[in-house]
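Trainee: Below are the structure tokens for one structure; questions will follow.
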Amino acid sequence: MRFCRTRRSDSTLFPRKKVSVIGAGHVGATVAFLTAQKELADVVLVDVVPGVPQGKALDMYEASPIQGYDVAFHGSNDYKDTANSDLVIVTAGVARKPGMSRDDLLSTNVKIVAEVVREVVRHSPDCILLVVTNPLDAMVYTAKQVSGFPRERVIGMAGVLDSARMRSFIAEALDVSIEDVSAFVLGGHGDTMVPMVRYATVAGIPVSDMLPPERLQEIVQRTAQGGAEIVQLLKTGSAFYAPGAAVVEMAEAILKDKKRILPCAAYLEGEYGVDGYFMGVPCKLGGAGMECVIELDLTTEEQAALERSLDSVRRLVRQVDALEHF
Ligand code: APR
């Protein structure tokens, strides 16, 4: 019998998308696995530690007969294997331990992210960069400076995760399906984030009509501390399932050109009165990346909260600029 001779890796015959995930740790591996589960793209997993990306990629490939996904995996310590990626997800860096804030990671992770982005851009000059490493607002700024990419192609993941946490807490408080809960969070990815209670709904009904203000305030607080709550429990690292799922929701919107409206860390050029910084705002995510920023009319209180958040982002960015890694 003669079977067809084409190889699945022949990209001219099978123009499957290519996603590279840099950092094969908790978040990176979760992203790779979920990307495969959804058959979004072939996945290249890169890490600085020899054997780790290779081992995890092989392990995920060996799960494919059971899970039923047709995706090629490649684990590597060499950036040339990331060449011509459509989307590169940066998770490389160190994670938080109890007692540390995201900002404590800054100097170590700036160096790592700058080095990673330089390599990525050399091999995939047309890719979209999706940055996950913390402190997010500073790392995505580093990625933009180092890559020189237009703002459409440098995006940070934070708002989808923070919003998912807020949605989970609302669904739990009201004992309703998570599917019907909609909410989003603006601002930086830190204690000063701005959960937008005014826009939180259950099947279109404002949550403020369903929960008393004190309960809503508790939810806002727990959302802002959501990452720290997990760090306290895990003790050896930070969250990765919800962050991984948040990244893959954004990746899907980009790879399938879905034009979803999702809160992303986007480089603002005058929107919300902010110029030259990344902030969490609602964006349209599609094939071109961050296709537009949606500007909401904020109340005086919301605008003041956003200003406070911007102050902490500015402080982080000043620290990055002082490190001179570009
Ligand atoms: N190049 C490539 N990979 C690197 C580099 C580098 N220069 N430096 C570190 N790494 C890898 C590590 O070897 C490790 O496998 O990054 C991975 C990080 O994985 P974890 O330590 O498990 O951290 P994780 O929980 O995945 O978090 C990664 O995402 O959510 C953020 O705050 C979190 O900044 C942290 C990042």
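The values are calculated or read from the model by the stated rules, or taken from the named source; none is laboratory data. Computed from a predicted model, the values in this text were never measured in an experiment. Counting neighbours? That spans all protein chains shown, and the Cβs are built from the backbone with ideal geometry, glycine included. Areas reflect the complete protein model, heavy atoms only, side chains present, ligands, DNA and RNA absent. Shrake-Rupley method; radii C 1.70, N 1.55, O 1.52, S 1.80 Å.
Trainee: Are any residues in region 26-37 open to solvent by less than 30 Å² (accessible area, probe 1.4 Å) and of a type outside the set (A, V, I, L, M), and if so, which ones?
Mentor: Those that are open to solvent by less than 30 Å² (accessible area, probe 1.4 Å) and of a type outside the set (A, V, I, L, M): G28, T30, T35.
Trainee: Turning to a different aspect of this structure: Which of the numbered conditions does K259 fail, given that it passes all the others? Conditions: (1) modelled with pLDDT under 95; (2) open to solvent by 40 Å² or more (accessible area, probe 1.4 Å).
Mentor: Of everything listed in (1) modelled with pLDDT under 95; (2) open to solvent by 40 Å² or more (accessible area, probe 1.4 Å), K259 misses just condition (1).
Trainee: Quick one: which residue in G270, G237, G276 is among the small types (G, A, S) and either modelled with pLDDT under 95 or on the phi < 0 side of the Ramachandran plot (or both)?
Mentor: The unique qualifying residue is G237.
Trainee: Can you run down the residue pairs with Cβ atoms below 6 Å, 6 or more apart or on separate chains, where the first is in region 237-259 and of a type in the set (A, V, I, L, M, F, W, C) and part of a helix (DSSP H, G or I) and the partner is open to solvent by 40 Å² or more (accessible area, probe 1.4 Å) and within 15 Å of the ligand (Cβ to nearest atom)?
Mentor: The qualifying pairs are V248/L34.
Trainee: Also, I was wondering about something else. If I filter region 224-241 for residues that are of a type in the set (F, W, Y) and open to solvent by less than 40 Å² (accessible area, probe 1.4 Å), do I get at least one hit?
Mentor: No - not one qualifying residue is present in region 224-241.
Trainee: Shifting gears a bit: In region 286-326, what residues are open to solvent by less than 30 Å² (accessible area, probe 1.4 Å) and within 30 Å of V19 (Cα to Cα)?
Mentor: Result: G286, G289, M290, V293, V313, L316, V317, V320.
Trainee: When you go through V247, V274 one by one, which is the residue that is closer than 16 Å to G188 by Cα and of a type in the set (A, V, I, L, M)?
Mentor: Going through V247, V274 in turn, the sole match is V274.
Trainee: Something else: If a residue has to be part of a loop (DSSP other than H, G, I, E, B), under 18 Å from V247 (Cα atoms) and of a type in the set (S, T, N, Q) to count, how many in region 147-200 make the cut?
Mentor: Looking only at that region, the number is 0.
Trainee: While we're on this one: State all residues of region 267-281 that are open to solvent by less than 10 Å² (accessible area, probe 1.4 Å) and in a strand (DSSP E or B); if no residue qualifies, say none.
Mentor: Those that are open to solvent by less than 10 Å² (accessible area, probe 1.4 Å) and in a strand (DSSP E or B): L268, F278, M279, G280, V281.
Trainee: Among the strands (runs of 3 or more DSSP E) lying completely within region 46-146, list those that include at least 3 residues that are of a type outside the set (K, R) and within 14 Å of the ligand (Cβ to nearest atom).
Mentor: 87-90
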